[in-house]
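Single-structure report; data block below.
The values are calculated or read from the model by the stated rules, or taken from the named source; none is laboratory data. Not measured: the values here are computed from a predicted model. Cβ sites come from the backbone with ideal geometry, for glycine too, and all protein chains shown count toward neighbours.
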Amino acid sequence: MKRNTLFISLVLAVLLLSACAKAATQSAADEKLLYEGSREMMQAPSVSNSAGSAEAPAPAEDGSVTTSTTVIQQMIIMNANLEIAVDDPGAAMSDIQKMAADMGGFTVSSYIYKTYTSGGVEVPAATITVRVPAEKLNTALDQIKALTGDAAKYTLSENISGQDVTQEYTDLKSRLRNLEEANAKLSELYDSATKTEDALAIYQQKVQVTEQIEVLKGQIQYYEQASSKSAITVQIVAKETIAPVTIGKWQPAGVARDAVQSLINFGKGLVNFLIWLGIFIVPVVAVIGLPIFLLVRWLVRRNRRIQAARLEALKSQQPPLPKQ
């Protein structure tokens, strides 16, 4: 039994080392392939497929370039953030949800709440996140900004970001292939095992490998979904919240803003003074002023006692008054 267990352990070690070697070889081949492809693209027009992938000559085992081609799929995750002002945030949120569904996307989350204008008027606001096909991202952004009526004026902020995860995606696919090969070898060993102990040891290894395969599949699926559908997060506010209050040509909002800023500055100065007073001035006064105060107090009391003693002495030295 010990020999069989040792044999299984050696086989598993060989499988794992083989998987690691294949992953390293695949990574090196991918790097060389990328280099060869970029050099070819500099010399001649590249060939691209509909999914945005490029074709490049595949290097052979001896280092030469064969006539076969390998497709390298570029994986980029595009996301966008918008803040817009509209007449009715609730209606705009519904329009964005419908737009995402019509494009083949879906709503991730939506939230509507109440806020207040500078005049104290209660108005709604909303936040929504949708996913749309990546190739329709710009179209979706244009339609969302069109809900404002004036995209140049009421598009308060816009941010588009991209993340290239091609390398991570390629590594995950390579690791998945190696683990699936190792799992197939373990299945063969499990089927040929004649002892319960050997079968149990192989089964435990298969469970671990299967868990790793499922994790890799989940990560690969996340990259595929994130790259195929871009996320758009939209902050929707009412136009009343950004409209300045104007009376004639006078805008009291500016005066109120200056007054509030002055009040804040005064409060900051007062707080700074109190901090200095409590941390620096009071301890210094206590250390220096308290001894001086006690000394002055002692001197005053001493002078009073001396004066009282003198008066008593003078009274005792006066002769008694004659009797009449």
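Quick notes
- In the set (1) touching a residue at least 24 places away in the same chain (Cβ under 8 Å); (2) in contact with a helix residue (DSSP H, G or I) (Cβ under 7 Å, 6 or more places away or on another chain), T233 fails one condition alone, (2).
- For region 117-126, the criterion of being over 27 Å from S228 (Cα atoms), touching a helix residue (DSSP H, G or I) at 6+ places or on another chain (Cβ under 8 Å) and polar (S, T, N, Q) is met by at least one residue.
- Hey, E188 over 33 Å from the mean Cα position of the chain (by Cα), surrounded by 12 or more Cβ atoms within 10 Å (Cβ to Cβ) and of a type outside the set (A, V, I, L, M, F, W, C) or not: no
- Number of the exception - A184 against (1) closer than 26 Å to I112 by Cβ; (2) free of Cβ contacts under 8 Å to residues at least 24 places away in the same chain: (1)
- Within region 146-167, residues that are surrounded by 12 or more Cβ atoms within 10 Å (Cβ to Cβ) have Cβ atoms under 6 Å from residues that are part of a loop (DSSP other than H, G, I, E, B) in these pairs: Y154/T148; V165/M75; T166/Q74; T166/M75, counting only partners at least 6 apart in sequence or on another chain.
- Just so you know, in region 145-164 the residues that are in contact with a strand residue (DSSP E or B) (Cβ under 6 Å, 6 or more places away or on another chain) and of a type in the set (A, V, I, L, M, F, W, C) include one that is farthest from T241 (Cα to Cα), and it is I160.
- Being modelled with pLDDT under 95 and at negative phi holds for only one residue in G119, G104, G149, and it is G119.
- When the residues of region 84-127 are filtered to those that are part of a loop (DSSP other than H, G, I, E, B) and either touching a Phe, Trp or Tyr at 6+ places or on another chain (Cβ under 6 Å) or of a type in the set (S, T, N, Q) (or both), the one that is farthest from Q235 (Cα to Cα) is S118.
- Of the criteria (1) touching a residue at least 24 places away in the same chain (Cβ under 8 Å); (2) assigned to a helix (DSSP H, G or I), which one D142 fails: (1)
- Residue match in region 166-184 (condition: touching an Asp or Glu at 6+ places or on another chain (Cβ under 8 Å) and hydrophobic (A, V, I, L, M, F, W, C)): no
- Residue-level check: of (1) without any contact (Cβ under 8 Å) to a residue 60 or more places away in the chain; (2) under 30 Å from T148 (Cα atoms); (3) not small (G, A, S), V207 misses just (2).
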